[in-house]
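I have placed the structure first, in the form of structure tokens, so that the comments after it can refer back to it.
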Amino acid sequence: MRPRFAHLFVLVLGGCLRPNPSYDGATTEGGAATTTTTGGTTTTGLPTTGPAATSDDSTTTAAVSSTTSTTTSSSTTAEPTTGPLEPTTLRPYDPARCIDGPFCMSGGDPVSAKIEAVECFTAPAPPPLQLTRLGFEVRFAVGEPSAVLDVLPYDPGNHAPVLAVLDTRELGTIDGGMDYRDFELDPPVLLDTQHFCLRITGGGSTSTLVLHADHMGDAPGDGLVAIDDPGDHCDTPLTNLRDWYDSRSAHFCLDVEVSTP
């Protein structure tokens, strides 16, 4: 666990951002999240801004766009099934609480660094499975970073991914401001495991990609972050977001659509 006084010290000298209400803006109350689903379409092969309002450090009113028939939010768990799984969105966060997100900073501003945002899921049905879409909320995109998706096995007992890449997809350049980005996976990612993690990597020596996070909910599963700072001031090994925020539950604002092939 990180002592709270260390957070203020980092804000003065620069380095990794830690939770600080005076910098991150007002927070909302914790507790159970509500499910908010907006129907819509995605564009094959291209990142798009979904029907989600732009957000800032104080509030987010975004709704997740997908073509799903069932949605799992941070307050609910999809009913397990042994039969074919209809398209289902797994979303371990409440969009209204996406007001945070770990990154490297100097003087209050994000600086270049490679960030790995990892979110792990357990599907409500056994394999075979397919991933057809993913989306995430961007907090900062500086220097037009390129985003890469890696799909990894998930070990729920150890609350961590297994570092053996099952599939990799280039998501392209992430430009613009803070909003929800939607990606259709065409062809779908095929899985023979019920437990999996999605790792979004972006940034480097001249750019950074920061995803929003929700650390006020109570959804199961694990979110983790790793940071490689070219200046060596903010290097962070793979760390559970619960430890980063000293919270009982913490997730990246990243969702995925899963179904039976």
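The values are calculated or read from the model by the stated rules, or taken from the named source; none is laboratory data. The structure presented is a predicted model; accordingly, all values stated were derived computationally and were not measured. Methodologically, a virtual Cβ is constructed for each residue, glycine included, from the backbone with ideal geometry; neighbour enumeration extends over all protein chains shown. Ligands, DNA and RNA are stripped out before the accessible areas are found, and what is left, the full protein with its side chains, is counted by its heavy atoms. Shrake-Rupley method; radii C 1.70, N 1.55, O 1.52, S 1.80 Å.
Data overview
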| read-out | value |
| --- | --- |
| For the range 222-238 and the range 204-220, distance of Cα centres in Å | 12 |
| Packing-based ranking, highest mean first, of 86-96, 139-149 given that Cβ atoms within 10 Å are counted | 86-96, 139-149 |
| Charge dipole of the range 199-261 about the Cα centre (unit charges at C-beta), most positive-ward option of 253, 234, 204 | 253 |
| Net charge, residue 120 excluded, C-beta distance under 9 Å - Lys, Arg +1, Asp, Glu -1 | -3 |
| 13 Å beta-carbon shell around residue 251, net charge (K/R +1, D/E -1) | -4 |
| Carbon/sulfur fraction of accessible area - the range 94-177, other protein chains in place, 1.4 Å, % | 51 |
| Distance between modelled label sites at residue 122 and residue 158, nm, 7 Å Cα→Cβ extension | 1.7 |
| Share of carbon and sulfur in the accessible heavy-atom surface of the range 179-261 [1.4 Å probe, %] | 46 |
| Shape of the range 115-261, Cα gyration tensor, a/c cut at 1.5 | oblate |
| For the range 75-175: rounded, prolate or oblate by the Cα gyration tensor [a/c cutoff 1.5] | prolate |
| Heavy-atom SASA rank of 195, 212 (probe 1.4 Å, accessible area, largest first) | 195, 212 |
| Solvent-accessible area per residue for the range 157-261 (1.4 angstrom probe, square angstrom) | 39 |
